Structure formats: C-alpha cells, structure tokens
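One structure is given below, encoded as structure tokens.
The values are calculated or read from the model by the stated rules, or taken from the named source; none is laboratory data. Given the structure is predicted, the values throughout are model-derived calculations rather than measurements. Don't worry about glycine lacking a Cβ; one is built from the backbone with ideal geometry, like all the others, and counts go over all protein chains shown. Protein only, heavy atoms only, side chains kept; ligands, DNA and RNA dropped before computing areas. Shrake-Rupley method; radii C 1.70, N 1.55, O 1.52, S 1.80 Å.
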Amino acid sequence: HLAALVLARGGSKGIPLKNIKLLAGVPLIGWVLRAALDAGVFHSVWVSTDHDEIEKVAKQFGAQVHRRSPEVSQDSSTSLETIREFLNHHHEVDIVGNIQATSPCLHPSDLIKVADLIQEEGFDSVFSVVRRHQFRWSEVKKGENKMTEPQNLNPAKRYRRQDWPGELYENGSFYFAKRHLIEKGYLQGGKMAYYEMRAEHSVDIDIDIDWPIAEQRVLSFGYFGKEPLKEVKLLVCSIDGCLTNGRIYVTEDQKEMVSYDYRDIVGIELLKKRGIQVRLISERDCAKTLSAMQLGCIAKVNATNKLQILEDWRKDIALSWKEVAYLGNEESDVECLKNAGLSGVPADACTVAQKAAGYICKSNGGCGAIREFAEHIFLLLEKVNSARKQ
C-alpha cells in the first residue's frame, strides 16, 4: 500500500495558514494534492494536519485527513515524528510518499516514475534532487585570519556552465520510504536512489522564493490538470455578486440601484479586445440596470437554469467546454463552474461555489473580481501560446 502524505501544520512562523493561502487562485496545498491524485499510483492520499480549515481544503481536493496529535504539532516537531505517528494509526500502509506542501510545481509524471523506482526496482527510499551549477567556497567566520578556499572548482580552470555537469542538491519536493525504514528512524536509508527533477519544477516557497514570483512560476510551469489547457473564447459572468457586490439599494420611489467597480468594466473591455466574448447572466430581472451600464454584452436575465443557458451559448458559437470560462458566486452557479474549462469565484463567494471553482479571486464581487479573473485568463493564454510554440 503506497500512501501519499502531505504534512500541513496550522502554525507558521512566517505566513499564517500558509498551506492554504491562495497561490495563483488555488490553495497552496491544492497544487500538490492535484498532482498526487492525478498520478494514479497512490492507494491513498492523505493530509496530516491539526487545523480545521486545512482539513476542509484537503477534503475539498479529494484527500483523506489524519488529525495529528498536539505532540507532533509543535514548532520543534520533525517530519519523521509526524510520519511515524501516521504509520502508527494506519497499519495498512507499506510505503509513504511524503510530499512537501510548499512545492507547487510538482507534476504527476515525476511521482509516477518515483513510484516505479520504489515498487518495481526495489529501492527502500527515493528522494528528489535538482541539478545546480553553483561554485562553492569555504566560509570564513568574522575575526578569523584565514583565506577562503574553493570547494568544488579550480579557480585557474573555471568550467564554463555548458562544460560542467553541476551538482545534485535535495530540493525537498518529496521523500519516499518504506515502513521498515521509517520505523527505524530514517527517511533516507537502505537501498537509496535520487530522482532528478527539472529545475523549473523545483520551486520551494519555504526556502528561496516569495509569493509573487512563485505565482509567476506556477502559471508558467505548474500542473493544471489532466486535460491540456485551451484558449478561452467565452467568459460568462454572473451579474449579482460578481459584476456587482450583490447589494440592491431601493430609493423612496421604489427604484432599484446597484453599484459596480470601474476596474471590472475595464476588465471586460480588455477581454473583448483579446477576442474573448463576454456574456452576463442573472436570476433577477435586471435588464434596466444592464441597459444603464452600457456594457455592450449579450445578457440573459430571469435565468432559472443557468447551466442550460450556458450550454445553449456554448453550442451556438461552437465551443468546447475547455474554451469556456465562468465566474460565479452562488450555489446556482455550481454546475456551471464544474463544467467550464476555466472557473472562478470572488473571494466572498459562498462555500459550495468556492469548492467547485478552479480559481478563487483575492477581490470580492463588485470590487475588481472580474478584472482579476481577466488577468488570470490572460496569463493562462500566455501559457497556452507558449505550449503551442514548443
């Protein structure tokens, strides 16, 4: 029994609840859980946590949850201690693939190859490394009357990068080990092997990268699912709670008023300029409001079945579901979010809508969420175009 295990403690000295902080619209832990589940080599996929919110996100992505004890949830607790506790409660597990939550560019293809090494080729432990071309020098502490010395080069004959194979460093993405080894107190030992990952996939947020840079790396090199991305050609947006903040103001003469953010109007115009159709949908009769906004978008109001309307629009312009994006915020949007190739919700969307969406905006509805989702679409379009060139 090969189990994937992601350790995700609630406490963090740096970023509070970092493991579920949104990275490119997806909770950080979601990136590695998606890769582990889609790899198809694990008999079970687990998250070990001590926090309710992390548990909710883990289950949202399809993982099982092991509630770790307070004894292994301290700042001083080691990964080995936490994994051994997990094994004590799950006697069916023979091999643990400990995957680091802070490695969001992990791909299923890597996990498949590692599973083969440990299951078919008889290795007791396999861990991930990355090749680096860095010259090392000895450290000279302050006050010491010493000279630094080269550690892996001859200064008189410095290698050119293309002539030097470099060195292998652990990148921390994963550590696979068999039960008997872990029970003896080791994550690496016995018959060992390393697995070399591509440099662009070796992203470790804990060590050497900050959040905005990590988002760019993930958008360029992250794993987005089994199906290849396609160019978005239609965005359908729910009016109430996405284009507006969902509030309705009623005047003394019983006229309704709503507010919207000019940034969202700009976002809609930018989408149109990129050749992406934008259509709007609402369960209310807000035709007069839309007319006043003068957005120039096809809209459907009094929509009792949003999914059917979305399906009719998709067929009318001959698009596949992968070419449709949907931005919604309510329970009535859930089926549309699940079917669309690219789906998003504002930050204040209801829980069931958030669970169904692939991207969660940082902005609330009516406060720039459409503009933000448009930027996300543009970044993914760059990824699609880059893949075509390759």
Quick check on LYS322: is it touching a Gly at 6+ places or on another chain (Cβ under 9 Å), buried (at least 19 other Cβ atoms within 10 Å of the Cβ) and of a type in the set (D, E, K, R)? no
I'm trying to understand the selection: among the residues of region 28-53, which are touching a strand residue (DSSP E or B) at 6+ places or on another chain (Cβ under 8 Å) and free of Cβ contacts under 8 Å to residues at least 60 places away in the same chain? LEU33, LEU37, HIS43, SER44, VAL45, TRP46, VAL47, SER48, THR49, ASP50
Can you give me the ranges of the strands (runs of 3 or more DSSP E) entirely in region 25-126 with at least 3 residues that are of a type in the set (Val, Ile, Thr) and out of contact with any Pro (no Cβ under 8 Å at 6 or more places or on another chain)? 44-49, 95-99
Being free of Cβ contacts under 8 Å to residues at least 24 places away in the same chain and either over 13 Å from TYR326 (Cβ atoms) or open to solvent by 30 Å² or more (accessible area, probe 1.4 Å) (or both) is the filter here; which residues of region 355-381 pass it? SER363
Condition first: assigned by the TED database to the domain that holds ALA353, under 21 Å from TYR249 (Cα atoms), out of contact with any helix residue (DSSP H, G or I) (no Cβ under 6 Å at 6 or more places or on another chain) and not in a loop (DSSP other than H, G, I, E, B). Can you find one or more residues in region 293-309 that meet it? yes
The one condition in (1) under 30 Å from ALA325 (Cβ atoms); (2) assigned by the TED database to the domain that holds ILE95; (3) open to solvent by less than 60 Å² (accessible area, probe 1.4 Å) that ASN171 fails to fulfil: (1)
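Yes/no matrix, rows are residues, columns are (1) under 18 Å from the mean Cα position of the chain (by Cα); (2) in a loop (DSSP other than H, G, I, E, B):
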| residue | (1), (2) |
| --- | --- |
| VAL334 | no, no |
| SER343 | yes, no |
| ASP348 | no, yes |
| ALA353 | yes, no |
| GLY366 | no, yes |
| ARG371 | no, no |
| PHE378 | yes, no |
| LEU381 | yes, no |
Give the residue that is nearest to GLN100 (Cα to Cα), with candidates limited to residues of region 122-141 that are open to solvent by 40 Å² or more (accessible area, probe 1.4 Å) and touching a Phe, Trp or Tyr at 6+ places or on another chain (Cβ under 7 Å). ARG132
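Starting from residues that are open to solvent by less than 20 Å² (accessible area, probe 1.4 Å) and closer than 15 Å to GLY10 by Cα, keep the ones in region 65-87 and report whichever is nearest to the chain's Cα centre (by Cα).
Looking at residues that are open to solvent by less than 20 Å² (accessible area, probe 1.4 Å) and closer than 15 Å to GLY10 by Cα, I get HIS66.
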